[in-house]
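To start, the structure under review is shown below, and the notes come after it.
The values are calculated or read from the model by the stated rules, or taken from the named source; none is laboratory data. Note that the structure is a prediction, hence the values are computed from the model and not measured. When we count neighbours, we look across all protein chains shown, and the Cβ atoms used for this are built from the backbone with ideal geometry, even at glycine.
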Ligand SMILES: Nc1ncnc2c1ncn2[C@@H]1O[C@H](COP(=O)(O)OP(=O)(O)OP(=O)(O)O)[C@@H](O)[C@H]1O
Ligand SMILES: [Mg+2]
Ligand SMILES: [Zn+2]
């Protein structure tokens, strides 16, 4: 059942709700979603420090008029492995899934190595192999740099 | 195991068995590389050398390797003349160049360039060094030198000396030594130690890695000293550089109590890290190491282009 209290903040007709984000990580999640992806007439609401039965304190992000792509949904697992994604259509939860970190992350993160070929003007997306899951460590498939500090950028 | 048509981007792409197979093939190439036998195994084949950053030795040893097997090369030796200067992407350059020959060697200032080239090219790409990144044929010739000296790559104690932070050859060499089960001893100035993530990687693949700050102690039971250049530009202060580089100098006095079979390797050119007085001792393996670059590259080219060695 949807908690009426949470709904009262921002009921949306169509969009995506990312719930159960670890406390304080909502803005990082927004960076993965990519602000420029979001329809300019739509509302994004962020609830910080919300009481949660499952994980103590949590953050919630709700984005109107956008259905998060599976690629981005999975990339969210990088920083918010406990997140759940609900797709809302006509005010109701139509799809709901846990995030699942894939073996490869494509086009979401920027390689931190400025001299990496993926940061030059070349027609390629950034790409990382997940080499460890807990805690997450990635390796750039181009320069092979290991990354454990993520700075998502809109891709 | 199939080598035909494969890319050679990082030593990581090869299993222990595959590296062993390349080294076996390299040994068979030695009489050909010395000019004692001739071969036409690569008759009519063309290797494209795209050196978008200068490197004379790597380029010349590829040219020699190709010539010894009867093939030929087309070469960009100077990045200033290449269309990359006119703003063409590497992706496009490789797409075009790869259509001129049967395989391509790329030397490039940016890390990961060879991986990108492999995506753009329909022909095999060999990484001839990408920035501070990988240089797998260097690693293979380092391994060939150690194996020739000891008959094995396992159970050795290999001391990596000098700049272990920026020295690109040592990271891939350490990875390869680890998969062969040799012990790695790190001996570097405090500011030039092995990056933490590289050390962590070595440990996750089961390497035995130890640190020995004192070079004279590290030498004592070493089988191999792999010496790298300490570059002046890593130090702000001239005197600090002189002090540090002076304390990592390999000479006869330092090796007085070393094992008789100790082999000293250096990717060359050296600037002062290895005293010339070592050149005519049995410890000096670095000129042999440079020569072995030819048979190792011959073996690789034959395997990539024909799937077999003559
Ligand atoms: N129309 C809507 N507008 C905005 N948010 C909604 C809407 N419908 C549901 N949500 C939110 O979507 C998320 C999932 O909804 P659901 O009804 O499955 O909640 P739940 O029963 O609390 O599930 P969970 O076990 O995932 O916490 C919740 O955060 C809920 O507040
Ligand atoms: Mg709930
Ligand atoms: Zn990179």
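When you scan segment A:100-118, do you find a residue that is in contact (Cβ under 8 Å) with a residue 12 or more places away in the chain, away from every other protein chain (no Cβ under 14 Å), within 9 Å of ligand 1 (Cβ to nearest atom) and surrounded by 13 or more Cβ atoms within 10 Å (Cβ to Cβ), even just one?
Of all residues in segment A:100-118, those in contact (Cβ under 8 Å) with a residue 12 or more places away in the chain come to A:100-113, A:115-118.
When the remaining residues are screened for being away from every other protein chain (no Cβ under 14 Å), the result is A:100-103, A:105, A:107-109.
Filter once more, keeping what is within 9 Å of ligand 1 (Cβ to nearest atom): none.
Checked against the condition, which is being in contact (Cβ under 8 Å) with a residue 12 or more places away in the chain, away from every other protein chain (no Cβ under 14 Å), within 9 Å of ligand 1 (Cβ to nearest atom) and surrounded by 13 or more Cβ atoms within 10 Å (Cβ to Cβ), segment A:100-118 yields no hits at all.
Does residue A:115 satisfy the criteria of being away from ligand 3 (no atom under 16 Å from the Cβ) and under 30 Å from residue B:116 (Cβ atoms)? Spell out the reasoning first.
Details: away from ligand 3 (no atom under 16 Å from the Cβ): no; under 30 Å from residue B:116 (Cβ atoms): yes.
No: the conditions fail for residue A:115.
For (1) at pLDDT 95 or above; (2) under 18 Å from residue B:249 (Cα atoms), each residue gets a yes or a no:
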site	(1), (2)
B:169	no, no
B:181	yes, no
B:189	no, yes
B:196	no, no
Open item on the list: Name the residue that is nearest to residue B:105 (Cα to Cα), counting only residues in segment B:271-303 that are in a loop (DSSP other than H, G, I, E, B) and in contact with a strand residue (DSSP E or B) (Cβ under 8 Å, 6 or more places away or on another chain).
Closed with: B:285
Open item on the list: For segment A:133-145, give me each residue that is within 15 Å of ligand 3 (Cβ to nearest atom) and either part of a strand (DSSP E or B) or more than 8 Å from every other protein chain (Cβ to nearest Cβ) (or both).
Closed with: A:137, A:138, A:139, A:140
Task: Unique match (being within 14 Å of chain B (Cβ to nearest Cβ) and closer than 19 Å to residue A:27 by Cα) among A:148, A:59 - done: A:148
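Residues checked against (1) in contact (Cβ under 8 Å) with a residue 40 or more places away in the chain; (2) away from chain A (no Cβ under 14 Å); (3) farther than 16 Å from residue B:166 by Cα:
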site: B:200; (1), (2), (3): no, no, yes
site: B:207; (1), (2), (3): no, yes, yes
site: B:218; (1), (2), (3): yes, yes, yes
site: B:226; (1), (2), (3): yes, yes, no
site: B:229; (1), (2), (3): yes, yes, no
Open item on the list: Given the criteria assigned by TED's automatic domain parsing to the domain that holds residue B:47 and in contact (Cβ under 8 Å) with a residue 40 or more places away in the chain, does residue B:107 qualify?
Closed with: yes
Open item on the list: Testing residue A:130 on (1) part of a loop (DSSP other than H, G, I, E, B); (2) away from chain B (no Cβ under 11 Å); (3) within 24 Å of residue B:10 (Cβ to Cβ), one condition comes back false. Which one is that?
Closed with: (1)
Task: Tally of residues being in contact with a helix residue (DSSP H, G or I) (Cβ under 8 Å, 6 or more places away or on another chain) and surrounded by 16 or more Cβ atoms within 10 Å (Cβ to Cβ) across segment B:83-93 - done: 4
Task: Residues satisfying the stated conditions in segment B:68-102, i.e. within 14 Å of chain A (Cβ to nearest Cβ) and either modelled with pLDDT of 90 or more or at positive phi (or both) - done: B:87, B:89, B:90, B:91, B:92, B:93, B:94, B:95
Task: Extreme residue, nearest to the other protein chains (Cβ to nearest Cβ), among residues of segment B:115-130 that are in contact (Cβ under 8 Å) with a residue 40 or more places away in the chain, within 18 Å of residue A:140 (Cβ to Cβ) and under 15 Å from the mean Cα position of the chain (by Cα) - done: B:127
Task: Test set (1) at pLDDT below 90; (2) within 16 Å of residue A:21 (Cα to Cα); (3) exposed (fewer than 12 other Cβ atoms within 10 Å of the Cβ) - residue A:149 fails condition number - done: (2)
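Has segment A:1-10 got any residue that is away from ligand 3 (no atom under 16 Å from the Cβ), modelled with pLDDT of 90 or more and either out of contact with any helix residue (DSSP H, G or I) (no Cβ under 9 Å at 6 or more places or on another chain) or more than 30 Å from residue B:115 (Cβ to Cβ) (or both)?
At the first step, the residues of segment A:1-10 found to be away from ligand 3 (no atom under 16 Å from the Cβ) are A:1-10.
Pick out the ones that are also modelled with pLDDT of 90 or more and you get none.
Taking every residue of segment A:1-10 in turn, none turns out to be away from ligand 3 (no atom under 16 Å from the Cβ), modelled with pLDDT of 90 or more and either out of contact with any helix residue (DSSP H, G or I) (no Cβ under 9 Å at 6 or more places or on another chain) or more than 30 Å from residue B:115 (Cβ to Cβ) (or both).
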Open item on the list: Can you tell me which of (1) touching a strand residue (DSSP E or B) at 6+ places or on another chain (Cβ under 9 Å); (2) within 28 Å of residue A:146 (Cα to Cα); (3) away from ligand 2 (no atom under 16 Å from the Cβ); (4) outside the structural domain of residue A:128 (by TED's automatic domain parsing) is the one residue A:109 doesn't meet?
Closed with: (4)
TODO: Report yes if residue A:124 is more than 19 Å from residue A:26 (Cα to Cα), within 14 Å of chain B (Cβ to nearest Cβ) and not in a strand (DSSP E or B), otherwise no.
DONE: yes
Open item on the list: Looking at residue A:87 and the list (1) at pLDDT below 95; (2) more than 14 Å from chain B (Cβ to nearest Cβ); (3) more than 30 Å from residue B:93 (Cβ to Cβ), which single condition is not satisfied?
Closed with: (1)
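Residue-by-condition table, conditions (1) surrounded by 14 or more Cβ atoms within 10 Å (Cβ to Cβ); (2) at pLDDT below 85; (3) outside the structural domain of residue B:169 (by TED's automatic domain parsing):
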site: B:236; (1), (2), (3): no, yes, no
site: B:241; (1), (2), (3): yes, no, no
site: B:245; (1), (2), (3): yes, yes, no
site: B:253; (1), (2), (3): no, no, no
site: B:262; (1), (2), (3): yes, no, no
site: B:274; (1), (2), (3): yes, no, no
site: B:278; (1), (2), (3): yes, no, no
site: B:284; (1), (2), (3): yes, no, no
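Hey, any hits in segment A:24-46 for a residue that's within 14 Å of ligand 2 (Cβ to nearest atom) and away from chain B (no Cβ under 14 Å)? Break it down stepwise before answering.
Initially, segment A:24-46 is screened for residues within 14 Å of ligand 2 (Cβ to nearest atom), giving none.
No - not one qualifying residue is present in segment A:24-46.
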